[in-house]
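Since every read-out is calculated from the coordinates, none of them should be taken as a lab result. Since the structure is predicted, the reported quantities are computational estimates derived from the model, not experimental observations. No Cβ is skipped: glycine too gets one built from the backbone with ideal geometry, and neighbour counts run over all protein chains shown.
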Amino acid sequence: MNNRLPGFFQGTEMPNAGWWEALWPDPGGVLAAVGMQSAMEVVDLCSGDGWFTLQIAKRVRHVIAIDIDAALLELARHRLSERGVANCDLIAADAYNVATLVPHPVDFVFLANAFHGVPDQPRLARAVRAALKPAGAFAIVNWHQRPREETKVLAEPRGPKTELRMSPQQTIAAVEPGDLKLVRCVELPPYHYGAMFRPSDS
């Protein structure tokens with residue numbers, strides 16, 4: 001988009017209505033697969049309109065949703081409030097500043113459908129590392145490196161451009177210089193994988 005706000009990551013625009021529901025019919029299952037647990041304090045980084053934020057808030061002790069787009073955060077606020085969810089703080093800010101936006105280190109940082117568009121991925125990984133507790137975790141949900149025409153949602157090709165997509169190995173190579181180490185990688189059908197990292201000295 002030519003009118004992208006400063007700080008927007010490439011190829012990370014929000015989809016139209018019904019898209020998330022079709023792609024992620026069981027968002028709670030995605031969160032469980034990447035290791036999110038009920039006692040955690042979680043950052044939903046690049047949270048968009050709150051599709052995952054709501055599910056995180058229903059699952060954990062507290063969630064901080066961070067996105068550069070204040071209008072999307074207002075949609076998230078409405079999504080949360082109409083379901084009576086109150087254990088969430090919404091912050092309009094640049095994802096690179098995550099470590100300065102949280103009041104104290106957190107247990108878990110979750111990033112879905114955005115890492116492929118981050119211009120300086122090791123920088124973001126370092127920022128996430130600084131926001132984590134020593135035994136904290138960083139989970140990235142990414143599109144598999146498949147041609148866009150093969151990843152259809154509601155009968156249309158969806159997701160980032162083919163050239164932006166990253167293999168698990170490329171994601172690992174981009175994150176580990178940020179003082180994080182891969183713990184495991186899981187399949188998230190039909191089109192995604194989840195890569196989980198912890199601080200290198202944990």
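Give the Rg/Rh ratio for the stretch 76-149, taking Rg as the radius of gyration of the Cα atoms and Rh as the Kirkwood radius, to two decimals.
On the way: Rg = 14.5 Å, Rh = 14.2 Å.
On the Cα set of the stretch 76-149, Rg over Rh gives 1.02.
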Query - Separation between Cα centres of the stretch 148-182 and the stretch 105-133, rounded to whole Å - result: 15 Å
Requested in this report: Give the cross-link partners of LYS161 among the aspartates and glutamates, using a straight C-alpha distance below 15 Å as the criterion and excluding same-chain residues fewer than 8 apart.
Outcome: GLU13, GLU149, GLU150
Query raised in the report: Net charge near LEU132, counting Lys/Arg +1 and Asp/Glu -1 over other residues with Cβ under 15 Å of its Cβ?
Result: -1
Report summary line: Most exposed first, judged by fewest Cβ atoms within 10 angstrom, GLU41, GLU82 run GLU82, GLU41
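Would you calculate, for the chain, the mean residue ellipticity at 222 nm contributed by helices, counting each DSSP H stretch of 4 or more residues as -39,500 (n - 2.57) and dividing by all residues, to the nearest 500? Please report the intermediate quantities before stating the final value.
Working: 7 runs with 56 residues, N = 202.
So the helix-based figure for the chain works out to -7500 deg cm²/dmol.
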**Report entry** Among ALA32, ALA131, ALA112, residue whose mean-square fluctuation peaks in a GNM of the chain (springs only between Cα atoms under 10 Å)
**Finding:** ALA32
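State to the nearest 20 debye the size of the charge dipole of the stretch 64-108 about its Cα centre, where the only charges are +1 on K and R beta carbons and -1 on D and E beta carbons. Before the final figure, lay out the partial values.
Working: 3 positive and 7 negative charges, 31 e Å.
Roughly 140 debye for the stretch 64-108.
With only alpha-carbon pairs counted, each pair once and no self-pairs, how large is the Kirkwood hydrodynamic radius of the stretch 19-199 in angstroms?
On the way: mean 1/r = 0.0615 Å⁻¹.
One decimal place: 16.3 Å for the Kirkwood radius.
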